[in-house]
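Novice: Could you have a look at this structure, given as structure tokens, before my questions?
The values are calculated or read from the model by the stated rules, or taken from the named source; none is laboratory data. As the structure is a prediction and not an experimental result, all values here were calculated from the model. Here the Cβ is made from the backbone with ideal geometry for all residues, glycine too, and neighbour counts use every protein chain on show. The area values use the complete protein model at the heavy-atom level, side chains included, leaving out ligands, DNA and RNA. Shrake-Rupley method; radii C 1.70, N 1.55, O 1.52, S 1.80 Å.
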Amino acid sequence: MDYLVWNINPTLIDAFGVQIRWYGLLFAASFLLGSQLMEWIYRSENRSLKNIDRLFMFLMAGTVIGARLGHCLFYDPSYYLQNPLKIFAIWEGGLASHGGAIGIFSGLYLYQRKTQESYLWLLDRLSIPAALAACFIRIGNLFNSEILGTPTSVPWAIIFQRVDAIPRHPAQLYEALSYAVVFILLLLIYRKQRTALKSGVLFSTFLICVFSARFLIEFVKSKQAAYASDLLLSTGQLLSLPFILIGITMLFMALKRPSINKK
């Protein structure tokens, strides 16, 4: 059987000592589009735009720091504890989405303390661009030929030639497509229910959908953690479970609240 062979150069531009990679471009684009989406949300709800730039500075810092620390501590702790300076070598790769999520929550908390906006209101609205950003980042992983799936013979399998000659599940595309669907779902809920939207519904839906997709797709992902485990679940699945449970709890609580649309 003929399979699609993926051999795209992860570097888009390499000139005059400057290197721009597809991953970095998609990462930056996700924040740019996210900023535009939040501006649209703020305008549609008659809110001041003066803090949008500050908001995304906190979010970008939280994402990068959280994702890097998450990779170091969740997936290869022994190496980074023995080589702590390598934690700062972010150019060598290694970002974890679960750590990035924690970093976003932390950055948003610090931002909220300075502006006094509702933390839950922000979480609800930011869930929409966050789902889109997750989609873009997984496409970036595809360009890097990383986050590989397990070997398979399904017709849509892909051979990542920069890694090996084995046809594999395109796990990055599975996740990217899942997150794109979540983005569309959240956007539709927001547009149709904005005036009667209960606080916490968007964010809890985001947590349940995104991390449930991550949990399921982990079954066809190659092992990522550097340490061995006798557990049936992968590190990614174990880290996803708390987010799913928090989402279910928050959704149950949100549906019991009266509808509000205030700070």
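Novice: Show me the trypsin sites (Lys or Arg not before Pro) within segment 40-109 that DSSP assigns to loop and that have at most 14 other Cβ atoms within 10 Å of their Cβ. Each step should come with its number before you reach the end.
Specialist: Values: sites: R43, R47, K50, R54, R68, K86; in loops: R47, K50.
Here the trypsin sites (Lys or Arg not before Pro) that fit, given the DSSP loop and packing criteria, are K50.
Novice: Can I ask one more? Measuring from centroid to centroid over Cα atoms, what is the spacing of segment 9-36 and segment 241-255 in Å?
Specialist: Comparing the Cα centres of segment 9-36 and segment 241-255, I get a distance of 34 Å.
Novice: Calculate one ³J(HN,Hα) per residue across segment 207-217 by plugging θ = phi - 60° into the Karplus curve 6.51 cos²θ - 1.76 cosθ + 1.60, and present them in order as whole Hz with x for glycine and proline.
Specialist: 4, 4, 5, 5, 7, 5, 4, 4, 4, 5, 5
Novice: Hey, can you grab everything whose amide H is under 5 Å from the amide H of W6? Only 5+ residues off in sequence or another chain; H modelled, so Pro and N-termini drop out.
Specialist: Hits under the 5 Å cutoff: I159, F160, Q161.
Novice: Continuing with the same structure: Students often get this wrong, so try it: which of [x] 211; [y] 152; [z] 108 is volume of the Cα convex hull per residue in Å³ as calculated from the structure shown?
Specialist: Answer by label: [y].
Novice: Next up: Suppose a student asked you for the relative contact order of segment 66-109, using Cα pairs under 8 Å spaced at least 6 residues apart; what percent would you report? Show your work: numbers first, answer last.
Specialist: Values: 42 pairs, mean separation 26.5, N = 44.
Worked out over segment 66-109, it gives 60 percent.
Novice: For the chain, modelled as a Gaussian network with Cα springs under 10 Å, which listed residue fluctuates most, Q172, Q82, Q36?
Specialist: Q82
Novice: In straight Cα distance, which lysines are under 24 Å from K256, not counting same-chain residues fewer than 8 positions off?
Specialist: Leaving aside lysines fewer than 8 places away in the same chain, those within reach of K256 are K192, K198.
Novice: While we're on this one: Order T195, T115, most accessible first, counting only protein heavy atoms with a 1.4 angstrom probe.
Specialist: On the way: T195 110, T115 30 Å².
The ordering from most to least exposed comes out as T195, T115.
Novice: Under 13 Å Cα to Cα from K50, which aspartates and glutamates show up? Leave out anything in the same chain fewer than 8 places away.
Specialist: E39, E117
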